[in-house]
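Peer 1: Can you read through this structure? Questions will come right after.
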Amino acid sequence: MQYKLKSVKSPRVKGKTVLLRADLDVPFKNGKVEDETRLNAWFETLDYLVRSGAKVIIAGHLGRPNGQEEELSLKPIVNIIAKRINSKPIQTTLNDFKAWKLAENVFILENLRFFSQEEENNEEFSKKLVGLADIYVNDAFASSHRAHASIVGVTKFIPSFAGLHLLKEVEVLSKILENPKRPLCVIIGGAKIETKLPLVSKMHNFADFVLVGGEIAENTKVLLRVQHEKLSGKRSMLLVADLTEGGKDITQKSAENFLQVAQHADTIIWNGPMGLIEEKEFEKATAILAEGLVSLKAYKIVGGGDTIAFLKRHNLIEKFDFASTGGGAMLEFLAGIKLPGLLVLE
Ligand code: 3PG
């Protein structure tokens, strides 16, 4: 196992207030939450805490707001959670934080990234957060590669533990990292170039085949340099997709080439769509790839909000062996990078 994490089940939580860091960063389509996988992930932990007699304050982020952007308010997510627990959310404040009361013992804070101090991992801000609770639980695997206040900063001040879903992610991904069935094929797509580009080169030390599509394939110059470095010495193979005219998808040929390579793998890890799948006309290559992958016998892991939403929409998600809530977090974990949010829970 890559980490020895302290489980949420180890402390006595009865009568305590728990700050539960959850993954709330879900994909939206036409103003509506498109996929609730990330919300399902931490529900077991919430349920466990409430049943064990704790008061729970849920906290998390949505998107990358610049200040307080109305369209990145957590309100739609609050409504989904309220529906699940049969409650009507009431707006309130908890110290300085705008929040909603969902039940006598369940609260949720507004988007933490409305405060710039969250991403700065500001100590005063972390203290304000822990001022609300006695215990901290992180069940937000998808955010655990970020050294932010609600992931790292708070753990300095109150006893901190790993949630049930986080433990499961670490268990499954540790097995892959420690002993993958080879050949291992990693497919990287999507946007978030600054997170993913460094991972492309890191993956070379780990995977046998690295296939790159999506927006990051556009950054050919850097990728070619990486490819060149590869050719001079290491054994893994890098294939960068060609983009269609306008650059909003990869070509059908590239998707087919990817499948040709992937069929030789015994383990396949996929994160990130190949094109701008928010628009139907640019989801062609992602669909070809997804349909081809599910027909392969390899052990298949998929990660990331948008990729999972896409596979659900096409009824293909069940054909993957494991769906990680993490996009960047999953890739960093598998690239052997120690995640700051996990290190502090050891
Ligand atoms: C994700 O979607 O990968 C997480 O929510 C982290 O989001 P970020 O890349 O904006 O930090």
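Peer 1: Filter LYS55/LYS128; LYS181/LYS319; LYS55/LYS88; LYS32/LYS83; LYS300/LYS338 down to the pairs with a C-alpha to C-alpha distance above 20 Å, please.
Peer 2: LYS300/LYS338
Peer 1: I would also like to ask the following. For the range 48-71, list residues with backbone N below 19 Å from a point placed 7 Å from the Cα of LYS175 toward its Cβ?
Peer 2: Label zone hits: none.
Peer 1: Further, regarding this structure: Antiparallel versus total DSSP beta bridges in the chain: what percent is that, nearest 5?
Peer 2: 25 percent
Peer 1: Amide H of ASN121: which non-local residues (sequence gap of 5 or more, or other chain) have their own amide H closer than 5 Å, using H built in the peptide plane?
Peer 2: Those qualifying (amide H under 5 Å, at least 5 residues apart or on another chain) are ALA149.
Peer 1: Okay, next question. Give me the distance in nm between label points sitting 7 Å out from Cα along the Cα-to-Cβ direction at ARG182 and ASN40, one decimal.
Peer 2: In this crude spin-label approximation the distance works out to 3.4 nm.
Peer 1: While we're looking at this one, here's another question. Where nothing but the Cβ of Lys and Arg (+1) and of Asp and Glu (-1) is charged, how large is the charge dipole of the range 11-168 around its Cα centre, in debye to the nearest 20?
Peer 2: Value, rounded to 20: 560 debye.
Peer 1: State, to one decimal in nm, how far the label point of ILE337 lies from the label point of LYS4, with both points 7 Å from Cα in the Cβ direction.
Peer 2: Output for this residue pair reads 2.6 nm.
Peer 1: Want the number for ASN66 to GLU245: 0.36 nm per residue separation, take away the alpha-carbon distance, what's left?
Peer 2: 61.3 nm
Peer 1: For ASP266 paired with ASN122, estimate the spin-label separation in nm (one decimal), with each label point 7 Å from Cα along the Cα-to-Cβ line.
Peer 2: Taking the simple label geometry, ASP266 and ASN122 are separated by 5.1 nm.
Peer 1: Could you give the length gained by full extension between ASP47 and GLN252, i.e. 0.36 nm per residue of separation minus their alpha carbon distance, to one decimal place?
Peer 2: That pair, ASP47 and GLN252, stretches by 69.3 nm at full extension.
Peer 1: So, R0 is 22 Å and r is the distance between the beta-carbons of THR92 and ARG12; what FRET efficiency does that work out to, to 0.05?
Peer 2: Values: r = 27 Å, r/R0 = 1.24.
Here the calculated transfer efficiency is 0.20.
Peer 1: Another question, if that's okay. Of the options GLY31, ILE81, GLN252, report the single residue whose Cα projects farthest towards the positive end of the charge dipole of the chain (beta-carbon charges: Lys, Arg +1; Asp, Glu -1).
Peer 2: So the residue we want is ILE81.
Peer 1: Taking the Cβ of SER10 as the center, what net charge do the other residues with Cβ under 15 Å away carry, scoring Lys and Arg +1 and Asp and Glu -1?
Peer 2: So the environment of SER10 carries a net charge of +3.
Peer 1: Work through the residues other than ALA41 whose Cβ is under 11 Å from its Cβ and net out their charges, Lys, Arg +1 and Asp, Glu -1.
Peer 2: In short, -3.
Peer 1: Before anything else, pin down the relative contact order of the range 11-168: Cα pairs under 8 Å, at least 6 apart, normalised by residue count, whole percent. Present the calculation step by step, with values, prior to reporting the outcome.
Peer 2: On the way: 296 pairs, mean separation 43.1, N = 158.
Relative contact order here is 27 percent.
Peer 1: Compute the FRET efficiency between GLU194 and GLU278 as 1/(1 + (r/R0)^6), taking r as their Cβ-Cβ distance and R0 = 25 Å, and round to the nearest 0.05. Walk me through the intermediate numbers first.
Peer 2: Numbers: r = 20 Å, r/R0 = 0.80.
It comes to 0.80.
Peer 1: Given a 1.4 angstrom probe, what's the average accessible area per residue across the chain, in square angstrom?
Peer 2: Accessible area per residue, the chain: 44 Å².
Peer 1: Sequence neighbours fewer than 8 away in the same chain don't count; with that in mind, list the aspartates and glutamates whose C-alpha is under 14 Å from LYS4.
Peer 2: GLU169, GLU171, GLU346
Peer 1: Tell me, what % of the accessible area of the chain is carbon and sulfur with a 1.4 angstrom probe?
Peer 2: 48 percent
Peer 1: Now a separate question. Work out, step by step, the length gained on full extension between LYS83 and LYS156: first 0.36 nm times the residue separation, then minus their alpha carbon distance; give nm to one decimal.
Peer 2: 22.9 nm
Peer 1: Related question: Quote the charge dipole size of the chain about the Cα centre in Debye, to the nearest 20; the model charges only the Cβ of Lys and Arg (+1) and of Asp and Glu (-1).
Peer 2: Roughly 1040 debye, rounded to the nearest 20.
Peer 1: Go through ILE337, ILE90 and list them by solvent-accessible area, largest first, probe radius 1.4 Å. Display every interim value, and only then the final one.
Peer 2: On the way: ILE337 50, ILE90 100 Å².
Ranking ILE337, ILE90 by accessible area, largest first, yields ILE90, ILE337.
The values are calculated or read from the model by the stated rules, or taken from the named source; none is laboratory data. Everything quoted here is computed from the prediction, not taken from an experiment. Virtual Cβ from ideal backbone geometry, glycine too; neighbours counted across all protein chains shown. Please note that ligands, DNA and RNA were not included when accessible areas were found on the heavy atoms of the full protein model with its side chains. Shrake-Rupley method; radii C 1.70, N 1.55, O 1.52, S 1.80 Å.
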